[in-house]
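In what follows, a single structure is set out as structure tokens and then discussed.
The values are calculated or read from the model by the stated rules, or taken from the named source; none is laboratory data. It should be emphasised that the depicted structure is a prediction, and the values quoted were computed from it without experimental measurement. Using ideal geometry, Cβ is built from the backbone for each residue, glycine included, and neighbour counts are taken over all protein chains shown. Please note that ligands, DNA and RNA were not included when accessible areas were found on the heavy atoms of the full protein model with its side chains. Shrake-Rupley method; radii C 1.70, N 1.55, O 1.52, S 1.80 Å.
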Amino acid sequence: MTSSGTATHGVTTGGFDKTPGWLDWYDGPATPAFRLPAGAVDAHCHVFGPGGEFPYAPERKYTPCDASAAQLFALRDHLGFDRNVIVQATCHGADNSALVDALRRSEGRARGVATVRRDVTAEQLAELHAAGVRGVRFNFVKRLVDRVPTDSLEEIVAKIAPLGWHVVIYFEAEDLPELYDFFSAIPTDLVVDHMGRPDVTKDVDGPEFGLFLRFMRENPNVWTKVTCPERLSVTGPRALDGERDAYTDVVPFARRVVELFPDRVLWGTDWPHPNLKDHMPDDGLLVDHIPHIATTPERQRQLLVDNPHRLYWPEGE
Ligand SMILES: O=C(O)/C=C(\CC(=O)C(=O)O)C(=O)O
């Protein structure tokens, strides 16, 4: 532990010790073979701390390795992305200071998705908007958060809708049946993290993924991130050791969504990949997953450029 407040790879500062067994992000990623189109957006990534500067939330369920804005932007440049969408993670609770700091440092090249409580004020929302926040995240993954009552979430939606913001939802596939009606009633755009976390050992044409596809079909305001093959994959192969055709068991699921809803899909690295237990992917090789799920230049441009720009930079900056 250091008291300098400076993030060093593998270290969590400010008196915080990482969760035992924590896997740090991959240092020195490969240069992707896939050339990202101009203006490509990494539409799902996080900043963590540094803990010495931006303390982790008391109510957190895990303590990550620090992952600073400077380290995120270095990865952006190495991989060939133009912009980022930085998503507030539960280890920072509803304290969006690290996120806002990263957005301000990005010089307009990052937008944010924040976590707020029901008592958030119009002034606080205006400040977040000025920093570049364009959405709020509701997390329903039980290992990450205690459940927030839906009336409290409805109150938040009523406050953010006038700003033109959207809601990002994170849930497990097994919980969609219970949450389906609540989600369908949200009037803003809705972005589902990681395709609703399908169990990829099940049939892509089966009832579980079928329900998710029906959810998207019935609700034209619903978008999804075709992200996190490294989190969803059961059989790999892993994006490591030069493997540019990784996580083949996830490909049919992501490809199906891209084919059915090409103008409502987003892609992101999920750097620094919190809570992975099995391995940490090489982000350069993860980028090489993209052409396997978006198989033509047109689909790749929609996924990486047109769609995220429409949602996060609609004013065309
Ligand atoms: O990076 C992700 O999307 C996934 C996470 C962490 C997370 O979302 C959070 O803490 O808010 C996970 O599955 O542990």
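Listing for the model above:
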item	result
PRO50 being without any contact (Cβ under 8 Å) to a residue 60 or more places away in the chain, out of contact with any Ser or Thr (no Cβ under 8 Å at 6 or more places or on another chain) and either surrounded by 23 or more Cβ atoms within 10 Å (Cβ to Cβ) or farther than 14 Å from PRO272 by Cβ (or both)	no
Of all residues in the range 247-292 being of a type in the set (A, V, I, L, M), more than 16 Å from the ligand (Cβ to nearest atom) and open to solvent by 10 Å² or more (accessible area, probe 1.4 Å), the one that is nearest to HIS78 (Cα to Cα)	VAL251
Total residues in the range 157-174, condition within 12 Å of the ligand (Cβ to nearest atom) and assigned to a loop (DSSP other than H, G, I, E, B)	2
Only one of VAL141, VAL116 that is outside any helix (DSSP H, G or I), touching an Asp or Glu at 6+ places or on another chain (Cβ under 7 Å) and free of Cβ contacts under 8 Å to residues at least 60 places away in the same chain	VAL141
Residue list for the range 13-57, restricted to those being under 22 Å from GLY112 (Cβ atoms), in a loop (DSSP other than H, G, I, E, B) and within 16 Å of the ligand (Cβ to nearest atom)	TRP25, HIS46, VAL47, GLY49, GLY51, PHE54, PRO55, TYR56, ALA57
Scope the range 175-188; condition open to solvent by 10 Å² or more (accessible area, probe 1.4 Å), in a helix (DSSP H, G or I) and either touching a helix residue (DSSP H, G or I) at 6+ places or on another chain (Cβ under 8 Å) or modelled with pLDDT under 95 (or both); matching residues	PRO177, TYR180, PHE182, SER184
Selection status of ARG60, on the phi < 0 side of the Ramachandran plot, open to solvent by 40 Å² or more (accessible area, probe 1.4 Å), at pLDDT 95 or above and not aromatic (Phe, Trp, Tyr)	yes
Qualifying positions in the range 198-224 - open to solvent by 10 Å² or more (accessible area, probe 1.4 Å) and touching a strand residue (DSSP E or B) at 6+ places or on another chain (Cβ under 8 Å)	ASN219, ASN221, TRP223
Within the range 83-103, tally of residues that are among the hydrophobic types (A, V, I, L, M, F, W, C), in a helix (DSSP H, G or I) and in contact (Cβ under 8 Å) with a residue 40 or more places away in the chain	4
Criterion: assigned to a helix (DSSP H, G or I), surrounded by fewer than 20 Cβ atoms within 10 Å (Cβ to Cβ) and away from the ligand (no atom under 16 Å from the Cβ) - qualifying residue of GLU107, GLU154	GLU154
Residue check for VAL148: of a type in the set (A, V, I, L, M), within 14 Å of the ligand (Cβ to nearest atom) and surrounded by fewer than 21 Cβ atoms within 10 Å (Cβ to Cβ)	yes
Cβ-Cβ under 7 Å pairs, at least 6 apart or on other chains, the range 190-206 side under 12 Å from LEU232 (Cα atoms), far side away from the ligand (no atom under 15 Å from the Cβ) and open to solvent by 20 Å² or more (accessible area, probe 1.4 Å)	PRO198/GLU208; ASP199/GLU208; VAL200/VAL234; VAL200/ASP249; THR201/VAL234; LYS202/GLU208
Test: ASP203 is closer than 23 Å to LEU303 by Cα and out of contact with any helix residue (DSSP H, G or I) (no Cβ under 6 Å at 6 or more places or on another chain)	no
